[in-house]
Amino acid sequence: QVQLVESGGGLVQAGGSLRLSCAASGSLFSINDMGWYRQAPGNQRELVAAITSSGSTDYVDSVKGRFTISRDNTKSTVYLQMSSLKPEDTGVYYCNVKARRIGTLRAYTYWGQGTQVTVSS
């Protein structure tokens, strides 16, 4: 199995910063794309940022210039540095990883358990 452990959420005032981490473990052969999604109450889960295995990144328009996604392949970990946070950034943030397990021929998508980010005004 593949496990994703997230950390770094919390309560912060508007304008503040937080850094989320998501570490993958288990019988991993390779990790492809990694990303962060968020879900606010009453809203659908949306993709916030993604990073490919080669390091290419993509962001939803609302966080461009404020959030930075990165990964450390030696630690099988993806990060989301969030700055200039706004109340509308509040939600549960989920790590998403597409990985191939040892002994398998295709990659599957795995989800973290979610970490709450609350930005107060």
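The values are calculated or read from the model by the stated rules, or taken from the named source; none is laboratory data. In this text the structure is predicted, and so the values were computed from the model without any measurement. Please note that ligands, DNA and RNA were not included when accessible areas were found on the heavy atoms of the full protein model with its side chains. Shrake-Rupley method; radii C 1.70, N 1.55, O 1.52, S 1.80 Å.
Remarks
- When both segment 28-45 and segment 2-19 are represented by their alpha-carbon centers, they are found 14 Å apart.
- Of the accessible area of the chain, computed with a 1.4 Å probe over protein heavy atoms only, carbon and sulfur atoms account for 47 percent.
- Where segment 1-60 is the region considered: accessible area per residue in Å², 1.4 Å probe: 53
- Taking θ as phi - 60° and the Karplus parameters 6.51, -1.76 and 1.60, the scalar couplings of segment 108-114 work out to 10, 9, 10, 10, x, 7, x Hz in sequence order, x denoting glycine and proline.
- For segment 13-18, putting each phi into the Karplus relation 6.51 cos²θ - 1.76 cosθ + 1.60 with θ = phi - 60° gives couplings of 7, 4, x, x, 9, 9 Hz, in residue order, rounded to whole numbers and with x for Gly and Pro.
- HN-Hα J in Hz across segment 19-29 - Karplus 6.51, -1.76, 1.60, θ = phi - 60°, x for Gly and Pro: 10, 9, 10, 9, 9, 9, 8, x, 7, 8, 9
- Largest GNM mean-square fluctuation across R101, R71, R38, computed for the chain with C-alpha springs under 10 Å, falls on R101.
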